[in-house]
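Working notes, beginning with the structure itself.
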Amino acid sequence: MGLSTSSVITLHVNGEKHTLPVDHRTTLLDALRERLDLTGTKKGCDQGQCGACTVLVDGRRTVACLQLAVAAEGREITTIEGVADGDRLHPVQQAFIDLDGYQCGYCTPGQICSAIGMLAEHAAGWPSAASGDIRPAVGPTPLTPEEIRERMSGNLCRCSAYTSIVEAVARAAEADASSAARVPEQSGEAAV
Ligand code: FES
Ligand code: FES
C-alpha cells in the first residue's frame, strides 16, 4: 500500500476555521490564495527572498511561501484581510495610507503584516543587527529609521518606496505603540 500524498487539514485564518484536503506539497501561500481565495497575500519570488507573502502565524511574521500548509494546521494565521478591526483600519494600514507607503501596492500586504510583527518584536525587547547597546540597564532600543530599515529588510519593494515605508512604520509606532503591535483577535468557524 502506497503512502498517502494528501491530508484533510483545518486552517485557522482570520478567526475562521477552514477544513480542506491538500496535497502535502501545498505551501501555506498557495492554500491561502488558490484554495481559500485570500488573494491579499502576494506571491513574488515564491522562494523566501522578497517578503511579499508575509503573514502572521501565531503572531510571528512568516513567509507563507516557505511554510507547508500542513505545518500551519491548528495555528492562528492572520493575513492582510484580517488585520483591520471591522471598519477600523489597523494603525499600520492607516499610516501606510496617510504617508503613501506604497506605489504599485504589490509588496504592501507583506510590508504591513511584517511591520505589525516587527513592532510586536520590538515591543517585546528583541534586538536587531542595527541595535547598539542592548544591555537591559540601557533600556529599550529606540525605533530609529536605521532600526526600521534593518528590521524590515526582509521585505523588498520593487517600486523602491522605502522612504515612505519607513516613515509609515515610524508613524504607526509613534501613534500608538501598543495597538500598532496588536495582532488581531481571532475566533469563529467556517469550512470549505
Ligand atoms: S513570495 Fe514568499 S518570500 Fe517572496
Ligand atoms: S509598492 Fe510596488 S513593489 Fe512595493
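Bear in mind that the values in this text are calculations on the coordinates, not laboratory data. These numbers come from a predicted model, not from an experiment. Using ideal geometry, Cβ is built from the backbone for each residue, glycine included, and neighbour counts are taken over all protein chains shown.
Data for the structure
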read-out: The stretch 91-180 shape via C-alpha gyration tensor axes, a/c threshold 1.5; value: prolate
read-out: Two-site FRET efficiency, residue 35 against residue 137, from Cβ-Cβ distance with R₀ of 41 Å, rounded to 0.05; value: 0.25
read-out: Distance in nm between pseudo-label sites at residue 6 and residue 124 (7 Å out along the Cβ direction from Cα); value: 3.6 nm
read-out: Only Lys, Arg (+1) and Asp, Glu (-1) charged, at Cβ; the stretch 91-180 dipole about Cα centre in debye; value: 200 debye
read-out: Hz values of 3J(HN,Hα) by residue in the stretch 78-90 - Karplus curve (6.51, -1.76, 1.60), Gly and Pro given as x; value: 10, 9, 4, 5, x, 7, 6, 9, x, 7, 8, 5, 5
read-out: Lys, Arg +1 and Asp, Glu -1 on Cβ, resulting dipole of the chain about Cα centre, debye, nearest 20; value: 400 debye
read-out: Alpha carbon centroid spacing (whole Å) that separates the stretch 1-54 from the stretch 63-112; value: 15 Å
